[in-house]
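Engineer: First the structure, which I've put down as structure tokens, then a few questions once you've had a look.
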Amino acid sequence: RRQGAAGAAATSGETGSTYVDTSSGAAAGGETTTPPEDTGQPPDEASGGSGGSGGAGEETPPGDEQPPQPTGPAIVRLVPNAASYNVGDAVIVQVVIDNGQNVGSVPFHLRYNRAALEFVPPAVEGDFLNRDGTNTVFLATDTAGGGEIVVGASRMGGTTGSDGFGVLATFQFQAVNPGPCGFAFSGASVKDPQARNLPASFLTAQVEVVP
């Protein structure tokens, strides 16, 4: 009766990449040396000193190397618990984020086909924005005519955002009639703690109610 979820992409925002140019020198060396030019100074001063540890080829100790930073946009996607449903079934959909970098808030509208589905409130906040103990604000309100849920999810009073992967919210619907579920994002963005837009892609899922 139920099959695995499938995804279809719809993107918004810019994509960005960070390139880190790492290079390290190596101390030159050889068996043949050229006598230093006579500068009138002691040999050690003319050559920069033979007893020091300085040199162009000094390498960074392994413990001081910085881990590579993730690149590319954040990815926000819909994850239903099945690809198709029968009339009367509960339809569970999670909104998850991956590759998040310094995320302070994720406002969006979740659209659905009100002819096939009925929203069953309340929506449940995920742990992505608050798992470090930061207070959050989460609101999810269905519009008067149905078919669109207005969602606000944000961290409060912080100067740093959340990173990585996590669940933003979980929604439950009741399948009431056959047809496509019509899940889609609108008015969606990923913002940093200073409310500046971050590069992000929003992916939808093709789900249907069968007779």
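Engineer: Computed FRET efficiency, Cβ-Cβ of Asn197 and Thr134, R0 22 Å: what is it to the nearest 0.05?
Structural biologist: Working: r = 20 Å, r/R0 = 0.93.
Plugging the Cβ-Cβ distance into 1/(1 + (r/R0)^6) gives 0.60.
Engineer: Right, something else. Scan around Phe183 for amide H atoms under 5 Å from its own, H built in the peptide plane at 1.01 Å from N, and keep only partners 5 or more places away or cross-chain.
Structural biologist: Counting only residues 5 or more places away or on other chains, the set is Asn113, Val207.
Engineer: Once the mean 1/r over all distinct Cα pairs of segment 76-135 is inverted, what Kirkwood radius in angstroms do you read off?
Structural biologist: Working: mean 1/r = 0.0719 Å⁻¹.
13.9 Å is the Kirkwood radius here.
Engineer: What ³J(HN,Hα) values, in whole Hz, does the Karplus curve 6.51 cos²θ - 1.76 cosθ + 1.60 give for segment 149-165 when θ = phi - 60°, with x put for Gly and Pro?
Structural biologist: Coupling constants for segment 149-165: 10, 8, 10, x, 9, 8, 7, 10, x, x, 9, 10, x, 8, 10, x, 10 Hz.
Engineer: Turning to a different aspect of this structure: According to the Kirkwood expression over distinct Cα-Cα pairs, how big is the hydrodynamic radius of segment 70-211, in Å? Could the numbers behind the result be given before it?
Structural biologist: Values: mean 1/r = 0.0653 Å⁻¹.
In segment 70-211 this quantity evaluates to 15.3 Å.
Engineer: Full extension from Glu118 to Gln174: what is 0.36 nm times the residue separation minus their Cα-Cα distance, to one decimal in nm? Mind showing how you got there, number by number?
Structural biologist: Details: separation 56, 0.36 × 56 = 20.16 nm, distance 0.50 nm.
Difference between extended and current length: 19.7 nm.
FYI, it's all coordinate maths here, none of it is from the lab. Since this is a predicted model, take the numbers as computed values, not measurements. Virtual Cβ from ideal backbone geometry, glycine too; neighbours counted across all protein chains shown.
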